[in-house]
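The values are calculated or read from the model by the stated rules, or taken from the named source; none is laboratory data. Just so you know, these numbers come straight off a predicted model, no measurement behind them. Positions of Cβ are backbone-derived with ideal geometry, glycine not excepted, and every protein chain shown enters the neighbour counts.
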Amino acid sequence: MRAFTQHRGLVAPMDRSNVDTDMIIPKQFLKSIKRTGFGPNLFDELRYLDEGKPDQDCSQRPVNPDFVLNQDRYKNASVLLARSNFGCGSSREHAPWALDDYGFRVIIAPSFADIFYNNCFKNGLLPIVLDVKVVDQLFREAEVEEGYQLAVDLEAKTVTTPSGESFGFDVDDFRRHCLLNGLDDIGVTLEDADLIKSYEDSRRKTAPWLFGAGH
Amino acid sequence: MAGKTLYDKLWNDHLVKQRDDGSALIYIDRQLLHEVTSPQAFEGLRIAGRKPWRLDANLATPDHNVPTTDRARGIDGIVDPVSRIQVETLDRNCDEFGILEFKILDQRQGIVHVIGPEQGATLPGMSIVCGDSHTSTHGAFGCLAHGIGTSEVEHVLATQCLVQQKMKNMLVKVSGKLGAGVTGKDVVLAIIGKIGTAGGTGYAIEFGGEAIQGLSMEGRMTICNMSIEAGARVGMVAVDDTTIAYVRDRPFSPTGEAWDAAVDYWRTLHSDDDAAFDKVVELNGADIQPQVSWGTSPEMVAGIDGHVPDPAKETDPIKREGIVRALKYMGLAPNQAITDIKLDRVFIGSCTNSRIEDLREAAAVVKGRKVSPSLKQAMVVPGSGLVKAQAEQEGLDRIFIEAGLEWRDPGCSMCLAMNADKLGQGEHCASTSNRNFEGRQGFGGRTHLVSPAMAAAAAVSGHFVDVRELTH
Ligand code: SF4
């Protein structure tokens, strides 16, 4: 997995709460058996005026000029500023894949849905929870100031504004460690293969019906 | 010391390793796989040269993309080539890695969350995962069931473990008895209406109280299924006689001595009387009315006797904006009576409400009646081939067909419209599924979440009605 240490990037403010994963990447694009190529269909129904189809050339489609990512000033944004309960709904990992493929590296919101939050870390994407008042402030600043960038430091667990104001954030140690070092979760878990085996052996004795049933 | 909650017990029983940083390795007894969230996981295994840790823990079936008509043609009947590739890829992966799969022509095929319990592949006390957020369904059996993403699917395939942090405990207690015509679906919609779609975030929810204990396994599954719509990855109900009676004699269930030993263990799967919960929410079952969602989030619900809200009366600006946006999308006016919402289509199905009891409830309402001529379509999609067969044995298919509903083959169907079944732009649908997000059932489609009985009542009326007024 790609490591994440520090990032500075243009902020796109998406002023809407409860953004669900159907909105992030609509179902017709889930038919792909790949992990890449979802970027052009990120927020498809909000971003374009027509109905999107898989494997279509999106550069020819009519865009919704009101949607934040279609405004020139937010072109190449890599930090998404969002409202509460971002990523609610289905467990589709296609949502972080689409955000990543589009070019986002960081998502900041007052709260995230659990599965989405977790899926981000598996894909080198950093979701940051900040207090709702801080998020409000960042929204105001990002809307007022063209070219507004934020600097994120995962080591120090801080988000810093252009004026130098810094906000700390929390992230659990294991996820941070994996992300900082770009570690493959599976590799880390397999270091404990012996423990897993011995758990399994004792479970086979205490709950034999959980093994081999129906096969 | 306070006693343990059901979640605490399930957690402890599956804990392989507690890490210093607060994360833990949890052993997974069962993984269910389907075609949408697994291809990239199998690909990851192949690239890394890894093998599944334990084949017999896995069970696969295609459900999201399968057509619900013309099924005799199997995979060849899937018109959309991209959908077809996904189903073929699941077959190929299961064959290559040696995983048991109920393929498209197998009578046991169906929606993952229907077939697990139906087969006894879901047993009390198990830890269960699936690359699908409605995996919480299986918690109805006193299981620790998590919806996971594709990277985690790969992780569980490779290690039989999930990396988790322990969640907080929430008890949702529904006391008293439910009124006639009020179902598990109405209960869970009322709960979500009360605590909101983020109310359960970070919690494992246990549903308890007299009203929950009085429900069948189907009703409990409907409630646990929608835990995720309340923000909780995990929902559970304690094991009791109802649970044990349901799992007896299923194909994967233990028999003989193993059954007796299993039952002894299962009887311990309830929260201790003195268990402490981080949060308790209480509802009175008798107060719950049949529910209808009017907006674009499952928390936007009202009782059948209620009205669409007026944004002008909402004081929170973010909520007000949400209501305005939802009403615009849904094409509804403030203060409109729920019973005035006219419908274009009715969908009875999905992992929330496509089990035999759901179909019986719907059939009881439409029996001897006709689908309103103002509807374009009303369809029933059973949750599995076996549910379909049983319904046909009971004559439910005849009742539906005579009333003018379409009787389809099993799959997810119009719940998320990945196959050919979908809503047209602006169409209103009474749906027994679980999500009413914008575009969920088709681009521009307008979904109203209801129980099977309420969907059936809407089908014969052309608009929402209180199913209790239609008693025979
Ligand atoms: S029926 Fe709907 S919610 Fe359930 S698994 Fe299928 S698509 Fe998901």
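When you look at B:Ile26, is it more than 16 Å from the ligand (Cβ to nearest atom), in a helix (DSSP H, G or I) and not basic (Lys, Arg), yes or no?
No: the conditions fail for B:Ile26.
Name the one entry in A:Arg8, A:Arg35, A:Arg2, A:Arg73 that is surrounded by fewer than 21 Cβ atoms within 10 Å (Cβ to Cβ), away from chain B (no Cβ under 14 Å), out of contact with any Ser or Thr (no Cβ under 6 Å at 6 or more places or on another chain) and within 30 Å of A:Leu180 (Cβ to Cβ).
A:Arg8
B:Tyr246 is checked against (1) out of contact with any strand residue (DSSP E or B) (no Cβ under 9 Å at 6 or more places or on another chain); (2) of a type in the set (Phe, Trp, Tyr); (3) over 30 Å from B:Ala457 (Cβ atoms) and fails just one. What number does that condition carry?
(3)
I'd like the full set of residues that are of a type in the set (D, E, K, R) and free of Cβ contacts under 8 Å to residues at least 24 places away in the same chain, limited to segment B:421-472.
B:Lys422, B:Glu469
Which of the residues belonging to segment B:202-226 are buried (at least 20 other Cβ atoms within 10 Å of the Cβ) and out of contact with any helix residue (DSSP H, G or I) (no Cβ under 6 Å at 6 or more places or on another chain)?
B:Tyr203, B:Gly208, B:Ile212
I'd like to know if segment B:144-156 contains one or more residues that are more than 16 Å from the chain's Cα centre (by Cα), surrounded by fewer than 24 Cβ atoms within 10 Å (Cβ to Cβ), more than 15 Å from the ligand (Cβ to nearest atom) and more than 9 Å from chain A (Cβ to nearest Cβ).
No; the residues of segment B:144-156 include none that is more than 16 Å from the chain's Cα centre (by Cα), surrounded by fewer than 24 Cβ atoms within 10 Å (Cβ to Cβ), more than 15 Å from the ligand (Cβ to nearest atom) and more than 9 Å from chain A (Cβ to nearest Cβ).
Among (1) of a type in the set (A, V, I, L, M, F, W, C); (2) crowded, with 24+ Cβ neighbours inside 10 Å; (3) out of contact with any Asp or Glu (no Cβ under 6 Å at 6 or more places or on another chain), there is one condition B:Met126 misses while meeting the rest; what is its number?
(3)
In segment B:181-214, what residues are among the small types (Gly, Ala, Ser), away from chain A (no Cβ under 14 Å) and in a loop (DSSP other than H, G, I, E, B)?
Across segment B:181-214, the qualifying residues are B:Gly181, B:Gly209, B:Gly214.
Quick check on my filter: what residues within segment B:157-180 are of a type outside the set (S, T, N, Q) and facing chain A (nearest Cβ under 7 Å)?
Within segment B:157-180, B:Ala158, B:Cys161, B:Val163 meet the criteria.
Are any residues in segment B:89-100 crowded, with 16+ Cβ neighbours inside 10 Å and assigned to a helix (DSSP H, G or I), and if so, which ones?
Selection gives B:Thr89, B:Leu90, B:Asp91, B:Asn93, B:Cys94, B:Phe97.
Return a yes/no flag: does segment A:95-104 have any residue that is within 16 Å of the ligand (Cβ to nearest atom) and touching a residue at least 40 places away in the same chain (Cβ under 8 Å).
Scanning segment A:95-104, I find at least one residue that is within 16 Å of the ligand (Cβ to nearest atom) and touching a residue at least 40 places away in the same chain (Cβ under 8 Å), so the answer is yes.
Search segment B:40-71 for residues being more than 16 Å from the ligand (Cβ to nearest atom) and under 23 Å from B:Leu416 (Cα atoms), and hand back the single one that is nearest to the other protein chains (Cβ to nearest Cβ).
Among those that are more than 16 Å from the ligand (Cβ to nearest atom) and under 23 Å from B:Leu416 (Cα atoms), it is B:Gln40.
Considering only segment B:373-472, give the helices (runs of 4 or more DSSP H) lying wholly within it that have at least 3 residues that are within 14 Å of the ligand (Cβ to nearest atom).
By residue number, no helices (runs of 4 or more DSSP H) qualify.
Tell me which helices (runs of 4 or more DSSP H) are completely within segment A:115-215 and hold 1 or more residues being acidic (Asp, Glu), closer than 26 Å to A:Trp97 by Cα and within 13 Å of another protein chain (Cβ to nearest Cβ), or say none if there are none.
Output list reads A:173-181, A:185-190.
Quick check on this structure: which one of B:Gly349, B:Gly331 is within 16 Å of the ligand (Cβ to nearest atom), more than 14 Å from every other protein chain (Cβ to nearest Cβ) and under 30 Å from A:Ser17 (Cβ atoms)?
Only one candidate qualifies: B:Gly349.
Anything in segment B:68-78 that is assigned to a loop (DSSP other than H, G, I, E, B) and within 28 Å of B:Gly44 (Cα to Cα)? List them, or say none.
B:Ile78 - this is the single residue of segment B:68-78 that is assigned to a loop (DSSP other than H, G, I, E, B) and within 28 Å of B:Gly44 (Cα to Cα).
B:Lys376 passes all but one of (1) surrounded by 24 or more Cβ atoms within 10 Å (Cβ to Cβ); (2) farther than 29 Å from B:Ile228 by Cβ; (3) among the basic types (Lys, Arg); which number fails?
Among (1) surrounded by 24 or more Cβ atoms within 10 Å (Cβ to Cβ); (2) farther than 29 Å from B:Ile228 by Cβ; (3) among the basic types (Lys, Arg), B:Lys376 violates only (1).
Against the definition (in contact (Cβ under 8 Å) with a residue 40 or more places away in the chain, facing another protein chain (nearest Cβ under 7 Å), within 16 Å of the ligand (Cβ to nearest atom) and not charged (D, E, K, R)), how does B:Ser133 come out, yes or no?
So B:Ser133 fits the description; yes.
Of all residues in segment B:1-39, which are over 28 Å from A:Ser198 (Cβ atoms), within 8 Å of another protein chain (Cβ to nearest Cβ) and among the hydroxyl-bearing types (Ser, Thr, Tyr)?
Result: B:Thr37, single match.
Mind checking which residues of segment B:213-237 are closer than 20 Å to B:Asp8 by Cα, aliphatic (A, V, I, L, M) and more than 15 Å from the ligand (Cβ to nearest atom)?
B:Ala232, B:Val234, B:Met236, B:Val237
Taking B:Arg369 as the residue in question, decide whether it is under 27 Å from B:Arg440 (Cβ atoms) and either basic (Lys, Arg) or away from the ligand (no atom under 16 Å from the Cβ) (or both).
no
Quick one: is B:Phe400 at pLDDT below 90 and either buried (at least 24 other Cβ atoms within 10 Å of the Cβ) or not aliphatic (A, V, I, L, M) (or both)?
No; evaluated as a whole, the condition is false for this residue.
For segment A:119-165, how many residues are of a type in the set (Ser, Thr, Tyr) and touching a Phe, Trp or Tyr at 6+ places or on another chain (Cβ under 9 Å)?
Result for segment A:119-165: 3.
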